[in-house]
1. Under 12 Å from the Cα of residue A:460, which aspartates and glutamates turn up, not counting those fewer than eight places away in the same chain?
2. Starting from the 7 Å offset along Cα-to-Cβ, what nm value, one decimal, do you get for the label separation of residue B:119 and residue A:287?
3. How would A:400, B:41 line up from fewest to most surrounding beta-carbon atoms within 10 angstrom?
4. Could you run the Karplus curve 6.51 cos²θ - 1.76 cosθ + 1.60 with θ = phi - 60° over the range A:284-295 and give me ³J(HN,Hα) per residue in whole Hz, x for Gly and Pro?
5. Skipping prolines and chain starts, which residues have an amide H placed within reach, meaning under 5 Å, of the one on residue A:490, given they are 5 or more residues away or on another chain?
6. How large is the charge dipole for the range A:409-449, taken about the Cα centre, if only the Cβ atoms of Lys, Arg (+1) and Asp, Glu (-1) carry charge, to the nearest 20 debye?
7. If the cut-off is a Cα-Cα distance under 14 Å, which aspartates and glutamates reach residue B:126, setting aside same-chain residues fewer than 8 apart in sequence?
8. Which order results if A:67, A:350 are arranged by neighbouring Cβ count within 10 Å, fewest first?
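Please treat every number below as a calculation from the coordinates, not as lab data. Nothing here was measured: the structure is a model prediction, and the numbers come from that model. Here the Cβ is made from the backbone with ideal geometry for all residues, glycine too, and neighbour counts use every protein chain on show.
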Amino acid sequence: MLSSAQAPRLLRSPAAATTTAAALTIKCLHTSPILTPAATSPSPSQILTTRKSLLSRQTSAVDLAKSFLQRLRRHEPQLSSFLYVSPDDVVLKQAEELDTKIKNNEEVGPLAGVLVGVKDNICTYDMPSTAGSRILENYRPPFDATAVRKLRDSGAIVVGKTNLDEFGMGSTTEGSAYQVTANPWDLSRVPGGSSGGSAAAVSARQCMVALGSDTGGSVRQPASFCGVVGLKPTYGRVSRYGLVAYASSLDVIGCFGSSVADAGILLHSISGFDNFDATSSKQEVPDYASQFVALEYLESKPLKGLRVGVIHETLENGVDSEVISSVRGAVSHLEELGCTVSEVSLPSFSLGLPAYYILASSESSSNLSRYDGVRFGNQVFGEELNSLYGDSRAEGLGSEVKMRILMGTYALSAGYYDAYYKRAQQVRTIIRNSFKDALEKNDILISPAAPSVAYKIGEKKNDPLAMYAGDIMTVNVNLAGLPALVLPCGFDGGSAGLPVGFQMIGAAFDEEKLLKIGHIFEQTLPGYSFVPPLVADEWTG
Amino acid sequence: MGSRAALFLRANPPLFSFRHSANPKSFLLNKRFYTAKSSLEAPDVARLAQTARISLTPKQVEEFAPKIRQVVDWFGQLQAVDLQSIEPAIRADTEGDNLRDDVPGVFDNRDAIIAAVPNYEDTYIKVPKVLNKE
């Protein structure tokens with residue numbers, strides 16, 4: 001993972017990084033003003049910092065785990081980002097084993113000592129995996145999801161399971177059957193969803209990185225709401241084995257980090273073909289981190305020649321003016337870095353929303369038929385089999401889930417299939433083709449990650465269409481199966497406000513380009529710190 | 001791809017009761033309205049619930065019905081889009097299927113699978129009677 005071409009900045013300990021950042025300002029000023037490091041130091045990679053400090057014996061995995069567990073527990077009563085937290089002794093035992101290996105100069109994996117949160121719809125054999133649903137309360141899967149197994153094989157320690165909208169169906173995390181997660185930037189607001197627990201946990205530094213899942217924006221929108229980096233990989237890049245299925249043609253496991261580097265390193269460790277998922281890809285997985293260029297090695301126009309297309313339809317009326325101005329600011333910053341910017345029109349963009357909801361509901365009505373109370377999950381025993389099915393599902397599933405199953409059942413019923421499901425699939429073809437055309441003329445496409453910043457808890461709870469409409473920026477990307485990277489670029493109402501994220505969309509399997517651009521972007525974006533005030537005092541990373 | 005006009009949305013204004021200025025209603029509303037009513041029958045929620053094997057009380061059916069009708073009505077806007085001669089896509093199609101050989105394997109944590117069964121006796125999963133009286 002760590003090649004010799006690696007960015008030296010990333011190999012530095014946090015303490016050293018501050019002093020050198022100041023030195024760099026002087027060094028870089030004469031080349032170009034935009035390469036001045038951010039006033040507040042750019043987000044260093046927690047993964048690489050951890051590795052460096054463990055291998056140089058500056059810190060131990062046990063100390064690191066203790067400090068994260070402490071912060072996790074301190075903020076958990078306010079945030080409720082976790083549905084399950086691994087007991088201290090279980091986490092510390094794994095950390096001790098790593099420390100022993102390091103002490104004996106044995107090889108440790110690229111994620112050694114990295115503390116990871118895992119969305120609770122991703123299976124873990126040693127922890128409950130409820131998908132946020134009562135029907136799977138206390139359910140312990142007999143296996144690890146492939147992504148989780150790969151993380152553990154790389155030396156990562158899973159600290160717990162994060163909260164979500166039941167089965168991933170929602171955009172606020174209020175749809176969890178267990179608890180409502182708060183946004184670390186403003187506890188009265190939602191963290192977004194459905195991977196709201198993972199986004200809040202990474203934002204509040206309760207863990208270093210986290211896994212989420214993204215069916216229609218469930219990694220990217222909460223990343224935007226919580227001011228963290230969210231990466232939705234190409235469909236097929238990461239195995240879905242062990243991911244609780246919602247809409248199988250759209251579902252992907254995605255990554256959260258407090259820096260682009262962390263999201264990229266995390267993606268590298270979970271990607272690749274898996275015999276247990278026929279839709280996983282055999283394409284080679286590049287070492288994304290080796291592409292990162294450190295600030296001091298950047299040329300004055302490091303992104304010269306890169307063609308950026310701003311999606312016209314995503315910056316129209318109906319999008320928060322603060323969101324538009326932050327995204328426009330991000331675009332100007334890319335221009336200063338050398339990109340050639342133009343506007344692209346995707347006239348079919350707004351059709352993606354109904355098409356997505358038809359397809360996702362239809363697939364969910366089929367996928368969720370497995371929750372019948374017979375082989376696993378909670379059961380309401382009845383007089384005859386049909387009442388056992390019906391009552392177990394009535395008791396165990398929440399109202400949004402029931403609603404989507406019923407809508408999907410309708411869209412798939414005889415006589416309606418052509419009108420809904422088939423039409424939605426045809427729209428998917430149109431959307432796929434329009435992205436393909438736009439990405440032939442441009443290297444990446446840009447849009448906001450969401451039309452607004454985080455809104456108040458309860459604001460859209462009883463208005464499904466208002467909540468669905470908030471997914472407009474993200475669903476098309478799932479329909480086309482493309483990778484997209486969301487990173488914070490500004491604030492609503494100045495630096496005291498709520499974070500705004502923008503989305504970069506790339507061609508299939510071109511995560512490398514997105515990460516490389518994102519890494520340069522976040523290092524050179526001036527003036528912002530995306531650590532929420534809640535933890536700013538105690539966080540030195 | 002159809003003409004640009006044909007791709008615009010149809011939406012019934014009363015379907016959307018946005019309260020917040022930041023809501024992206026223009027994505028749903030600020031387009032040309034199509035008033036063409038769908039000739040499809042409105043969903044019969046009680047029957048759908050039966051098909052989907054979810055026991056709903058009549059009161060719950062009443063609660064779900066308007067919400068589902070609202071969303072299904074909104075789905076209906078795709079009826080106005082010209083999709084002739086466009087092939088449906090079953091998924092993103094980033095790569096073909098990578099099917100493994102069809103050979104049985106042994107799952108090494110069989111006990112955990114059985115431990116998850118809610119009602120288990122000897123080597124059987126226990127369920128109530130399957131056949132109806134008639």
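1. A:174
2. In this crude spin-label approximation the distance works out to 5.6 nm.
3. B:41, A:400
4. Once θ is set to phi - 60°, the couplings for the range A:284-295 become 4, 9, x, 7, 4, 5, 5, 7, 6, 10, 6, 3 Hz.
5. Here A:500 satisfy the definition.
6. Roughly 120 debye, rounded to the nearest 20.
7. Straight-distance partners of residue B:126: A:372, A:383, A:384.
8. With the fewest neighbours first, A:67, A:350 line up as A:67, A:350.
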